[in-house]
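The values are calculated or read from the model by the stated rules, or taken from the named source; none is laboratory data. Remember, predicted model here, so these are calculated numbers, not experimental data. For neighbour counting, all protein chains shown are included, and Cβ atoms are generated from backbone atoms with ideal geometry for every residue, glycine included. These accessible areas exclude ligands, DNA and RNA; they are computed on the full protein's heavy atoms, side chains included. Shrake-Rupley method; radii C 1.70, N 1.55, O 1.52, S 1.80 Å.
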Number of protein chains: 2
Amino acid sequence: MASIHDVARLAGVSISTVSYALSGKRSIGESTRIRVNDAVEKLGYRAHAGARMLAGERTHILALAAPLHSGTSEPAHMAFVMSVARAAREHDYDVLLLTQDEGADGLQRVALSRLVDGIIVLDVSDQDERVDLIRSLDVPAIFVGVPRDSAGLVCVDMDFEAAATMSVERLAAVGHRSIALLGQSPALYDRGSGFPRRFRDAFLAAAADRGMAAGFAMADRDPANVRQALDSLLGTDPGVTGLVLHTDEGVQTTALGILRERGVRMPHDLSVLSACSSFSTEHFEPPLDTIPLVPDDSCVPAVALAVQQVGAPIAPRVELIPPRYVGHGSVVPPAA
Amino acid sequence: MASIHDVARLAGVSISTVSYALSGKRSIGESTRIRVNDAVEKLGYRAHAGARMLAGERTHILALAAPLHSGTSEPAHMAFVMSVARAAREHDYDVLLLTQDEGADGLQRVALSRLVDGIIVLDVSDQDERVDLIRSLDVPAIFVGVPRDSAGLVCVDMDFEAAATMSVERLAAVGHRSIALLGQSPALYDRGSGFPRRFRDAFLAAAADRGMAAGFAMADRDPANVRQALDSLLGTDPGVTGLVLHTDEGVQTTALGILRERGVRMPHDLSVLSACSSFSTEHFEPPLDTIPLVPDDSCVPAVALAVQQVGAPIAPRVELIPPRYVGHGSVVPPAA
DNA sequence: CGGATCTGTCGAAACGCTTCGATTGATTGC
DNA sequence: GCAATCAATCGAAGCGTTTCGACAGATCCG
């Protein structure tokens, strides 16, 4: 395969000239640049990645620590992974995918071997073993999500508290006084994932602030459990007129199906709101108002920060993406 | 960060001795090996990935070409991606994730820059632009899936034809004479994804062979379309007693929900079989018999072949994974 | 008991790039 | 009109490995 020497020879210049012509780090004569580019084209030249890493002190690779825990919704996870990969390419970065099988060791491995310039950490839990490791590793790292102790870290995340508050506000605004939250899989809360807890706590707090009655139940994808959760939410307090779904797509579909089966008319009998969903709620029956969780919203800035941090250290921060509301008519004033 | 020089100094040997002690490519005195290992431990040494690539002609990275087309089910896709990543780690390989945004150019880029030793290609379509590129690139590559023209390629895939035949056989065996197939999203067939077509064709052929009546309809995840597909399948031919679902989890859930809504008792009125599903069908209502599509079944061999091919070229082949049947009681003889 | 063989180790040459400092003309400023 | 500046280019020194060939000393065998 063609090396920089071949390009230099064909263009009739030295290899350093080729390097500068391609990197643009020094000024180069117009005709020279053209000859170099022609030679590159003709030979199908691509700089050897290893050589570039060795000499350039930059790998142009980001590690993506994307464990897939049980309880995490695959489509959402996939969407975040793809979003990071796309965003990275925009910065001329590739993404090395790290699963959780090695635990935090994988991170250590790629950082210590200088395989990657930085790390994007997904699916952050409250007590995340990766936090301390990364603190000690001194590698540019961005957390998509916020661990309990975020001191010294750079984090980007949807503002789940604001989203929860917003969902309560919306229901309150049209007159609901008794509302309920169908939350994520219990496995997620158990694992200490931060966002379900933050959402739930903010939801209950916002409801309490407004003197509203508020219920909470969790459900994994098993329809029996969804049924049971809905029972506990709607059964015990027959006055519930507003339901917020903070779960994955499958559970939301199942829940809506169960409610329809039971003859609950939505939104007439029950206003429903899908919160922090990274999927479209338009094709639901009925289409649901939503506070969308758009992967790009957090992943694009996360990657940008990572790339920036590769160049020069940046100050620790927690960047929260404000929620926004998309109406589809599923939240209306309660009947009577 | 510690380099091999530091290790050599601390262990009191030359760098080549360190290299050989760590690689095991030449015999090393016992005491030397111990001192080297101690030094490595103490310094937290890890070979510089770039230097290793440059000198060693091996990157220990596989590219994973995992486009995410519309119509492809994210959970299934995710499962394959994760399976490849895990399998790769078993061979001491990392995985570089390539999305489809660059088209085939990304493959070319990483291959030409010798960033990766080989490529795993997912989500293969009949006329896949990546096929010709890879033929010309002369890079170890394994296709998970089979393109129309597989000459010269190494492919691994579930045997979808056998799976389709098996599902027909099972229904025939208990006495069904009129069956139907609910297929994937039309987008998938349009895109020329091989497996939905192969499954459908084999399904219809197997039914014809046995003199059975067989219907076919497609549906994406929109419940309205699922409803319509079921109408066309079950409505026009009221004698259908066996239904095969070859779709993603969401559609299967939706379909079962619709059938229940309509008062169809399963399996009494309708035997249902979930084919080539990469998710659990046990928690469905009712739990479905399935011919599971296990990502590891194809990804583990695919990675093994890729790694093998990095060492020495291997003969082109198409390796088809035989299907197996897992019963949950959803297929029974037709009523009356 | 002297050449052949083996074991354990070392030095040095790649590997292909980036980047620093030097060099050569041409241009500028005063 | 001469020093200072600038644009364009080159040579060479790394970057941190792997690996080849060499070599010293121990072991073997006839």
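Ordering B:VAL154, B:PRO186, B:ALA205 by the projection of their Cα atoms onto the charge dipole of the range B:115-236, which places +1 on the Cβ of Lys and Arg and -1 on the Cβ of Asp and Glu, puts B:ALA205 at the extreme positive end. Here the calculated FRET efficiency for B:VAL318 and A:VAL326, from their Cβ-Cβ distance with R0 = 60 Å, stands at 0.80, rounded to the nearest 0.05.
With N the number of residues in the range B:25-78, Rg(Cα) / (2.2 N^0.38 Å) evaluates to 2.00. The residue list B:GLY71, B:ILE291, B:GLY12 was ranked by how far each Cα lies along the charge dipole of chain B toward its positive end, using unit charges on Cβ atoms, and B:GLY12 comes out on top.
In the neighborhood of A:ALA85, defined by Cβ-to-Cβ distances under 12 Å, what is the net charge if each Lys or Arg adds +1 and each Asp or Glu adds -1? Kindly include the intermediate steps, with their values, before the conclusion.
Working: positive: A:ARG86, A:ARG89; negative: A:GLU90, A:ASP94, A:ASP296, B:ASP101, B:GLU102.
Neighbour charge sum, excluding A:ALA85 itself: -3.
Any idea what diffusion coefficient the range A:160-291 gets from Stokes-Einstein, in µm²/s, Kirkwood Rh on alpha carbon pairs, 37 °C, 0.692 mPa s? The estimated diffusion coefficient comes to 229 µm²/s. May I ask for log10 I(q)/I(0) of the range B:55-188 at q = 0.11, 0.12, 0.18, 0.20 Å⁻¹, from a Debye sum over the Cα atoms as equal point scatterers with solvent left out? For the range B:55-188 at q = 0.11, 0.12, 0.18, 0.20 Å⁻¹, log10 I(q)/I(0) is -0.48, -0.55, -1.04, -1.22.
Based on alpha-carbon centroids, what's the gap between the range A:110-131 and the range B:77-142 in Å, whole number please? So the separation of the two Cα centres works out to 23 Å. Non-local amide H neighbours of A:ASP128 (under 5 Å, H modeled in plane, Pro and chain starts lacking H): which ones? Under 5 Å from the amide H of A:ASP128 lie the amide H atoms of A:ARG148, each far enough along the sequence or on another chain. Partners of A:LYS42 within straight-line reach, counting lysines whose Cα lies under 28 Å from its Cα and excluding those fewer than 8 residues away in the same chain: A:LYS25.
Calculated mean residue ellipticity at 222 nm for the protein assembly as shown: -13000 deg cm²/dmol, from DSSP H runs with n ≥ 4 weighted as -39500 (n - 2.57), summed, divided by the residue count and rounded to 500. Size of the range A:4-47: Rg and Dmax of its alpha carbons, in Å, are 8.9, 24. For B:ALA63, nonlocal amide neighbours, meaning residues 5 or more places apart or on other chains whose placed amide H falls under 5 Å from its own, are B:LEU96, B:ASP117, B:GLY118, B:ILE119, B:ILE120. Computed over the range A:133-185, the convex hull of the alpha-carbon atoms projects to a mean area of 5.3 nm².
Relative contact order, whole percent, for the range A:160-291 stands at 28, derived from Cα pairs under 8 Å and 6 or more residues apart. Placing unit charges on the Cβ atoms only, positive for Lys and Arg and negative for Asp and Glu, gives the range B:160-291 a dipole magnitude near 180 debye about its Cα centre.
Let me check I've understood the local charge: for A:THR99, count other residues with C-beta under 10 angstrom from its C-beta, Lys and Arg +1, Asp and Glu -1. What total comes out?
Summing Lys and Arg as +1 and Asp and Glu as -1 gives 0.
Pick out which of B:PHE284, B:PHE143, B:PHE203 has the largest mean-square fluctuation in a Gaussian network model of chain B, springs linking Cα atoms closer than 10 Å. The residue with the greatest mean-square fluctuation here is B:PHE284.
Could you work out the percent of alpha carbon pairs in the range B:224-336 separated by over 18 Å, rounded to a whole number?
Summing the P(r) of the range B:224-336 above 18 Å gives 57 percent of all pairs.
The residue list B:GLY311, B:VAL40, B:GLY106 was ranked by how far each Cα lies along the charge dipole of the protein assembly as shown toward its positive end, using unit charges on Cβ atoms, and B:VAL40 comes out on top. Backbone phi angles across the range A:141-148, fed through the Karplus curve with coefficients 6.51, -1.76 and 1.60 (θ = phi - 60°), yield HN-Hα couplings of 8, 10, 9, 9, x, 10, x, 3 Hz in residue order; Gly and Pro are listed as x.
Listed peptides B:57-65, A:19-27 appear in the order B:57-65, A:19-27 once ranked by packing, highest mean of other Cβ atoms within 10 Å at the front.
Inter-copy label distances for B:ALA224: 3.5 nm (label point placed 7 Å from Cα along Cα→Cβ; shortest first). What you get for the protein assembly as shown, charging only the Cβ of Lys and Arg (+1) and of Asp and Glu (-1), is a dipole of about 1340 debye around the Cα centre. The contact between chain B and chain A removes approximately 4600 Å² from the accessible area (both sides summed; 1.4 Å probe; ligands, DNA and RNA excluded).
Derived scalar couplings between HN and Hα for the range A:87-98 equal 4, 5, 4, 4, 9, 6, 10, 9, 10, 9, 8, 10 Hz in order, rounded to whole Hz, by the Karplus curve 6.51 cos²θ - 1.76 cosθ + 1.60 (θ = phi - 60°), x for Gly and Pro. For chain B, the longest principal axis of the alpha carbon atoms and the long axis of helix B:295-311 meet at an angle near 30°. Rounded to the nearest 10 degrees, the angle from helix A:160-173 to the longest Cα principal axis of chain A is 40 degrees.
The orientation-averaged projected area of the convex hull spanned by the Cα atoms of the range B:83-123 comes to 3.0 nm².
Across the protein assembly as shown, Cα-Cα pairs more than 32 Å apart make up 58 percent of the total. Rounded to the nearest Å, what's the spacing between the alpha carbon centres of the range A:274-304 and the range B:268-336? Just the number, please. Measuring centre to centre over Cα atoms gives 31 Å.
Using Cα atoms only, what is the angle between the long axis of helix A:249-261 and the major principal axis of chain A, expressed in degrees (0 to 90) to the nearest 10? Helix A:249-261 sits at roughly 20 degrees to that axis. The ratio of the alpha-carbon radius of gyration of chain A to the globular-protein estimate 2.2 N^0.38 Å is 1.25. Dipole magnitude for chain A: about 880 debye, using +1 per Lys or Arg Cβ and -1 per Asp or Glu Cβ, origin at the Cα centre.
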